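What follows is one structure encoded as structure tokens, with my remarks underneath.
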Amino acid sequence: MVDGWDVLILVIKALAIFIIVPVAPLVFVLAERKILGRIQSRIGPNRVGPWGLLQTLADGIKLGAKEDFIPPAGDRVVFWLAPLFMVVPAAMAWAVIPIGPEVEIGRKIGLWVTDLNVAILYILALGSVAVYGPVMAGWSSNSKYALFGSLRSTAQVISYEITMGVAVLGVLVYTGSFSLVDIVEKQKDMWFAIPQVIGLFVFLVSGIAETNRAPFDLPEAETEIVAGYHVEYSGMRFAMFFLAEYANMFLVSALAVILFFGGWHGWTIPGIEGLTSVLWFMLKTLALMFVYFWLRATLPRLRYDQLMAFCWKFLLPLGIVNLLITAVLRLGWS
Amino acid sequence: MGFGTGIISGLIRVLSIGFRKPITYMYPESPRPVAERFRGMVGMRRDEVTGQLSCVGCGLCETACPNDVIRIDTSETDEGTRWVERYQFDLGRCIFCYLCVEACPVDALQMTRAYHLSTPNRADLILTADDMMRMTENPDQPLFEHLWRD
């Protein structure tokens, strides 16, 4: 029976997602710059606000105040749509991410917007939609560098989506469910990171490649093709690409936590299980975000043929072997 | 060495560097220590007895300077005593070669370690003997202190 409270709770959850998705990147950008700074024996941003905490906010305001330039020879409509194709899937995917268990506040409330029974498929599908962002941006900019970037992005994201899917399949064989809530519940006793360690590796590498981050940042390689597909973008539209990149990183981290690191499971304090569970989830996700920054600080960019060879000749066979082993083991159990 | 060990040792190395103290000096807030024999701006000694300029106006530094930095205007009394009317030092042209310091017969020109010399206005850099005496006595003070206050 659906009553007014249910609707209100749903609206609150949706609003929370709509606040988290744009605000989290602000924090992550600053965190990344600070961490990279320390790793390079620098301090990082420290001028705007105390310890530079308002740096990204200042950058955001600066971007907002900039001229909104559209290349005269470009395709206006596609140019206008491309950033939306990046941001909207990144935000939509958060609808199925469970950040905590079902908690009791007067009534039972699950800490997720919706528990979709095909959540994994939904997220993979949104990932495919997000490929259109770089493609459209590169095409409509009418610039050779942007086109190079978008071509690279297309090939890379489509290739690594396959390995990501294979890695996810290993988990699905274990759980027998597409629902992320079910997957987390099944990890109450043991994280899937232990039996699925190869799957975890394949998933994380594919995740980094999917989000176009170093060392797989070929689509926006600054030193080769200046900024890749968003080279012609400025102001708020560029900010949207930036936002989408960090929102996608956050999403992939959260997904890895849900699929492999037991989601919200961890030692809980009796009485406030709900809160500690959410904190566990956040802690694990932030740790994975740190791995992103750490890898960026360490590894140089791959060459394009290395990138493709790594995906098709190494990662995909590894994922398939992992899937086969998992399937055989699962068959042996039942 | 197996597959991927290089990446792992690289990651550990990077992380260990991340826990070190940054080498950055927060310059305007906390001064950067300079070497003992740092070549700073040319200073001027204040005469211990009179508390005035110790330059005798011989003009040797003017001659020694390769870059036309120094300009001295002198005048003479009827008895032939010479005094310095104006001592002008264009810091914007100075190359810190210290040839003037070497040339000075009365050690009026001195080496200092002063390096807080920035200004947005080039005309500010034409210094008087008073500025140079102040910087000799207090080399850690910024030359244009009014610009440093928020």
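The values are calculated or read from the model by the stated rules, or taken from the named source; none is laboratory data. Predicted, not measured: the structure shown is a model, and the values here were computed from it. Counting neighbours? That spans all protein chains shown, and the Cβs are built from the backbone with ideal geometry, glycine included. Ligands, DNA and RNA are stripped out before the accessible areas are found, and what is left, the full protein with its side chains, is counted by its heavy atoms. Shrake-Rupley method; radii C 1.70, N 1.55, O 1.52, S 1.80 Å.
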### Query
If you go through segment B:1-31, how many residues are surrounded by 11 or more Cβ atoms within 10 Å (Cβ to Cβ) and more than 14 Å from chain A (Cβ to nearest Cβ)?
1
### Query
Pick from A:Gly60, A:Gly74: which is surrounded by 14 or more Cβ atoms within 10 Å (Cβ to Cβ) and assigned to a loop (DSSP other than H, G, I, E, B)?
A:Gly74
### Message
Need pairs with beta-carbon distance below 6 Å; first residue more than 10 Å from every other protein chain (Cβ to nearest Cβ) and in a loop (DSSP other than H, G, I, E, B) and within segment A:39-54, second open to solvent by less than 80 Å² (accessible area, probe 1.4 Å) and not aromatic (Phe, Trp, Tyr); sequence gap 6+ or separate chains.
### Response
A:Pro45/A:Gly52; A:Pro45/A:Gln55; A:Val48/A:Gln55; A:Val48/A:Ala58; A:Leu54/A:Val48
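Quick check on this structure: which one of B:Gly57, B:Gly80, B:Gly40, B:Gly51 is more than 12 Å from every other protein chain (Cβ to nearest Cβ), out of contact with any Leu (no Cβ under 7 Å at 6 or more places or on another chain), over 19 Å from B:Gln110 (Cβ atoms) and part of a loop (DSSP other than H, G, I, E, B)?
B:Gly80
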#### Entry: Condition check for B:Ile95: touching a helix residue (DSSP H, G or I) at 6+ places or on another chain (Cβ under 7 Å) and of a type in the set (A, V, I, L, M)
no
### Message
I'd like to verify a number: residues in segment B:97-136 that are exposed (fewer than 13 other Cβ atoms within 10 Å of the Cβ) and of a type outside the set (A, V, I, L, M), how many?
### Response
7
### Task
Look through A:Ser253, A:Ser277 and report the one residue that is of a type in the set (Ser, Thr, Tyr), modelled with pLDDT of 90 or more and crowded, with 21+ Cβ neighbours inside 10 Å.
A:Ser253
### Query
Considering only helices (runs of 4 or more DSSP H) fully contained in segment A:217-334, which possess at least 1 residues that are free of Cβ contacts under 8 Å to residues at least 24 places away in the same chain and small (Gly, Ala, Ser)?
A:273-298, A:304-309, A:316-333
### Query
Within the group A:Val96, A:Val88, which residue is β-branched (Val, Ile, Thr), surrounded by fewer than 21 Cβ atoms within 10 Å (Cβ to Cβ) and on the phi < 0 side of the Ramachandran plot?
A:Val88
### Query
Is it the case that some residue within segment B:57-80 is open to solvent by less than 60 Å² (accessible area, probe 1.4 Å) and touching a residue at least 40 places away in the same chain (Cβ under 8 Å)?
yes
